[in-house]
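Peer 1: Structure provided below as structure tokens; questions to follow.
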Amino acid sequence: MRPSRRDWLRTGMHALAAPIIMTSNASSYSIDEIEERLALGSGIEGVTKQDLPTPSLLLDLDGLEANLRRMAEHAKAASLDLRPHAKTHKCSEVARRQVSLGALGVCVATIREAEAIAAAGIGGLLLTSEAVGPNKIHRVVRLAAQQPDTMVVIDNPDNAAELDAAAAAAKLQLHALVDIDPLGRRTGIPPGPAAVQLAETIDRLSNLRLRGVHGYCGASSHVKGFRARKEHSERYMEPVLESFAAMRRKGLPAEIMSGASTGTYNIDSALDGMTELQVGSYAVMDVDYRIIGGKGGEVYDDFHNALHVLATVISKNHDDIATVDAGLKAFATDRDFGPEVARPAGLTYAFRGDEHGALTLADAEQEIVLGDKVELVVPHCDPNVNLYDRMYCVRGDAVQAVWKVDARGHI
Ligand SMILES: Cc1ncc(COP(=O)(O)O)c(C=O)c1O
């Protein structure tokens, strides 16, 4: 007999594992029930993908672990430090695993991410967006008081002076990198004499501690074809690295040269002067990266797709089409392509509105029935993770943990 919800929440799972597995097709625990069970310390052993509410975000632990290991081994072999970007996963559980495999810490894109990751006890934070204005400056200095190795990036002398004054008021040294813009015209000072001059300015300020250069060439990361991507990255990173070298020639304390993306990790690692990689998407991957092409072929498959949206077939009234409960609200829609169906094979997906998606069957004989579960590779991982409060961590069919996306949110 299937246990009552109350029994399931309160009792140890060992006794209940078998019934739940046996009846898992009919089960439908809510998010609150699963979280209540975790809060009671009862674990979620016995829960399978079939039991999960949909749409929900799945994190495949085998894929994640293989990805984290592969990048850690790459960095080690290239004698580079690794400070992966947590903007991708926004999850301190993932960050903790990256650090346990040798990362110095993690990069963060927002103060909110920095605060959440620091609250989980993880240091070595590099905030890769400028901290401008009293709110951000106050919070970054407060963070540095808790985690003294926190680093900021700076692309403007006035901002440097303000950060210095705030650090002086808090009686601390704030670690800083000059943010140099390879191409993106997003943040960063152009490479060359202006960048070196800014480094000198930072170095003169008594409560800022110059550590080196931040140079992230986002424009290179998704250039299609490995050779074209290599040429692109080498061309635009060269002036950044030259500025870094000029800082060193002047005797400035420039020990860190941080940059690279998942698309260029095996390109930028060979650039003269790089000291650390700030790769992000490799941890979970997405359609956006699969299609750029890898060193060995048309599909970029150095890393596994570890992030899927789980959906349920809720309507099937046509031979060739089935409707699932995951639509525009379940995916980031910033790309001009949608998700790809990972499982079951032979299906393609198209958006059918806010809450719905249409699966087209390659073969009308393919059996798809109401209640079937479908796993979809997300189009773009970073903004997709940001839509969900939690990730269900799975191995095969079994749900092994639920991790909060604890660094999500906009402030
Ligand atoms: C500043 C910065 N560094 C590193 C990354 C990581 O790039 P990727 O996720 O392509 O590895 C990003 C991603 O947007 C970024 O904005």
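The values are calculated or read from the model by the stated rules, or taken from the named source; none is laboratory data. Fair warning: this is a prediction, and the values are worked out from it, not measured in the lab. Methodologically, a virtual Cβ is constructed for each residue, glycine included, from the backbone with ideal geometry; neighbour enumeration extends over all protein chains shown.
Peer 1: Determine, yes or no, whether HIS85 is surrounded by 20 or more Cβ atoms within 10 Å (Cβ to Cβ) and either over 25 Å from ARG343 (Cβ atoms) or out of contact with any helix residue (DSSP H, G or I) (no Cβ under 7 Å at 6 or more places or on another chain) (or both). If you could, list the steps in order and put the result at the bottom.
Peer 2: Details: surrounded by 20 or more Cβ atoms within 10 Å (Cβ to Cβ): yes; either over 25 Å from ARG343 (Cβ atoms) or out of contact with any helix residue (DSSP H, G or I) (no Cβ under 7 Å at 6 or more places or on another chain) (or both): yes.
Spelling it out, HIS85 is indeed surrounded by 20 or more Cβ atoms within 10 Å (Cβ to Cβ) and either over 25 Å from ARG343 (Cβ atoms) or out of contact with any helix residue (DSSP H, G or I) (no Cβ under 7 Å at 6 or more places or on another chain) (or both).
Peer 1: Determine whether segment 151-160 contains at least one residue that is under 24 Å from LEU68 (Cβ atoms) and either surrounded by 24 or more Cβ atoms within 10 Å (Cβ to Cβ) or under 26 Å from the mean Cα position of the chain (by Cα) (or both). Don't jump to the end; show me each part of the working.
Peer 2: At the first step, the residues of segment 151-160 found to be under 24 Å from LEU68 (Cβ atoms) are 151.
In the following step, the residues that additionally are either surrounded by 24 or more Cβ atoms within 10 Å (Cβ to Cβ) or under 26 Å from the mean Cα position of the chain (by Cα) (or both) were identified as 151.
Yes: one or more hits.
Peer 1: Another question about this same structure. For segment 88-103, what are the residues that are surrounded by fewer than 19 Cβ atoms within 10 Å (Cβ to Cβ) and part of a loop (DSSP other than H, G, I, E, B)?
Peer 2: Scanning segment 88-103 gives LEU101, GLY102.
Peer 1: So, THR275, is that one at pLDDT 95 or above, touching a Pro at 6+ places or on another chain (Cβ under 8 Å) and polar (S, T, N, Q) or not? Steps first, answer last, please.
Peer 2: Details: at pLDDT 95 or above: yes; touching a Pro at 6+ places or on another chain (Cβ under 8 Å): no; polar (S, T, N, Q): yes.
In short, no.
Peer 1: I would also like to ask the following. Considering every residue within segment 398-407, establish whether at least one is without any contact (Cβ under 8 Å) to a residue 60 or more places away in the chain and assigned by TED's automatic domain parsing to the domain that holds ILE44. Give the steps one after another, and end with the answer.
Peer 2: Let us first name the residues in segment 398-407 that are without any contact (Cβ under 8 Å) to a residue 60 or more places away in the chain, namely none.
Checked against the condition, which is being without any contact (Cβ under 8 Å) to a residue 60 or more places away in the chain and assigned by TED's automatic domain parsing to the domain that holds ILE44, segment 398-407 yields no hits at all.
Peer 1: OK, next. Select from segment 343-354 the residues that are surrounded by 16 or more Cβ atoms within 10 Å (Cβ to Cβ) and either closer than 13 Å to GLU375 by Cα or among the small types (Gly, Ala, Ser) (or both) and write down the one among them that is farthest from the chain's Cα centre (by Cα).
Peer 2: This residue is LEU347.
Peer 1: Something else now. When you look at ALA145, is it under 27 Å from the mean Cα position of the chain (by Cα), among the hydrophobic types (A, V, I, L, M, F, W, C), surrounded by fewer than 17 Cβ atoms within 10 Å (Cβ to Cβ) and assigned to a helix (DSSP H, G or I), yes or no? Let's see the steps before the verdict.
Peer 2: Numbers: under 27 Å from the mean Cα position of the chain (by Cα): yes; among the hydrophobic types (A, V, I, L, M, F, W, C): yes; surrounded by fewer than 17 Cβ atoms within 10 Å (Cβ to Cβ): yes; assigned to a helix (DSSP H, G or I): yes.
So ALA145 passes the test.
Peer 1: Determine whether segment 329-342 contains at least one residue that is crowded, with 20+ Cβ neighbours inside 10 Å, aromatic (Phe, Trp, Tyr), outside the structural domain of ALA86 (by TED's automatic domain parsing) and in contact with a Pro (Cβ under 7 Å, 6 or more places away or on another chain).
Peer 2: yes
Peer 1: Can you confirm whether segment 114-130 contains a residue that is over 25 Å from ALA194 (Cα atoms), in contact with a strand residue (DSSP E or B) (Cβ under 8 Å, 6 or more places away or on another chain), within 14 Å of the ligand (Cβ to nearest atom) and free of Cβ contacts under 8 Å to residues at least 24 places away in the same chain? Talk me through it step by step, then tell me what you get.
Peer 2: Step one: of segment 114-130, the residues over 25 Å from ALA194 (Cα atoms) are 114-125.
When the remaining residues are screened for being in contact with a strand residue (DSSP E or B) (Cβ under 8 Å, 6 or more places away or on another chain), the result is 114, 117, 125.
If we keep only those that are within 14 Å of the ligand (Cβ to nearest atom) too, we end up with 114, 125.
Those left that are additionally free of Cβ contacts under 8 Å to residues at least 24 places away in the same chain: none.
No, segment 114-130 contains no residue that is over 25 Å from ALA194 (Cα atoms), in contact with a strand residue (DSSP E or B) (Cβ under 8 Å, 6 or more places away or on another chain), within 14 Å of the ligand (Cβ to nearest atom) and free of Cβ contacts under 8 Å to residues at least 24 places away in the same chain.
Peer 1: For residues in segment 43-87 being free of Cβ contacts under 8 Å to residues at least 12 places away in the same chain and under 22 Å from ASP301 (Cα atoms), which is nearest to the ligand (Cβ to nearest atom)?
Peer 2: GLU73
Peer 1: Quick check: anything in segment 224-240 in the same structural domain as ASP149 (by TED's automatic domain parsing), closer than 30 Å to LEU172 by Cβ, surrounded by 19 or more Cβ atoms within 10 Å (Cβ to Cβ) and touching a Pro at 6+ places or on another chain (Cβ under 8 Å)? Quick ask: steps written out before the conclusion?
Peer 2: So the first thing to find is which residues in segment 224-240 are in the same structural domain as ASP149 (by TED's automatic domain parsing), and the list is 224-240.
Filter once more, so that each one left must be closer than 30 Å to LEU172 by Cβ: 240.
Narrowing the set further to residues that are surrounded by 19 or more Cβ atoms within 10 Å (Cβ to Cβ) leaves 240.
With touching a Pro at 6+ places or on another chain (Cβ under 8 Å) added as a condition, the list becomes 240.
Yes - at least one qualifying residue is present in segment 224-240.
Peer 1: Now, a different point. Here are ALA165, ALA120: which of them is surrounded by fewer than 16 Cβ atoms within 10 Å (Cβ to Cβ), assigned by TED's automatic domain parsing to the domain that holds ILE256 and within 26 Å of LEU61 (Cβ to Cβ)? Even if it seems obvious, please write down each step before you answer.
Peer 2: Numbers: ALA165 fails: within 26 Å of LEU61 (Cβ to Cβ).
Exactly one of ALA165, ALA120 is surrounded by fewer than 16 Cβ atoms within 10 Å (Cβ to Cβ), assigned by TED's automatic domain parsing to the domain that holds ILE256 and within 26 Å of LEU61 (Cβ to Cβ), namely ALA120.
Peer 1: State which residue is farthest from the ligand (Cβ to nearest atom) when the search covers only segment 169-195 and only residues that are more than 13 Å from LEU241 (Cβ to Cβ) and part of a helix (DSSP H, G or I).
Peer 2: ALA169
Peer 1: In addition: I need the full set of residues from segment 22-60 which are at pLDDT below 70 and in contact with a strand residue (DSSP E or B) (Cβ under 7 Å, 6 or more places away or on another chain), in order please.
Peer 2: At the first step, the residues of segment 22-60 found to be at pLDDT below 70 are 22-28.
Within segment 22-60, just SER24 meets the criteria.
Peer 1: In segment 210-234, what count of residues is obtained for those that are farther than 22 Å from VAL196 by Cα and part of a loop (DSSP other than H, G, I, E, B)?
Peer 2: Qualifying residue count, segment 210-234: 4.
Peer 1: Another question, then. Would you check which residues across segment 369-394 are within 16 Å of the ligand (Cβ to nearest atom) and surrounded by fewer than 19 Cβ atoms within 10 Å (Cβ to Cβ) and list them? Full working, then the answer.
Peer 2: Residues of segment 369-394 within 16 Å of the ligand (Cβ to nearest atom): 377-386.
Listed by number, the residues that qualify are PRO383, ASN386.
Peer 1: Of all residues in segment 88-111, count the ones that are farther than 14 Å from LEU125 by Cβ and more than 14 Å from the ligand (Cβ to nearest atom). Lay out the reasoning, then the answer.
Peer 2: Residues of segment 88-111 farther than 14 Å from LEU125 by Cβ: 88-89, 91, 93-94, 97, 100-102.
Still in the running and more than 14 Å from the ligand (Cβ to nearest atom): 91, 93, 97, 100-102.
Residues in segment 88-111 being farther than 14 Å from LEU125 by Cβ and more than 14 Å from the ligand (Cβ to nearest atom): 6 in total.
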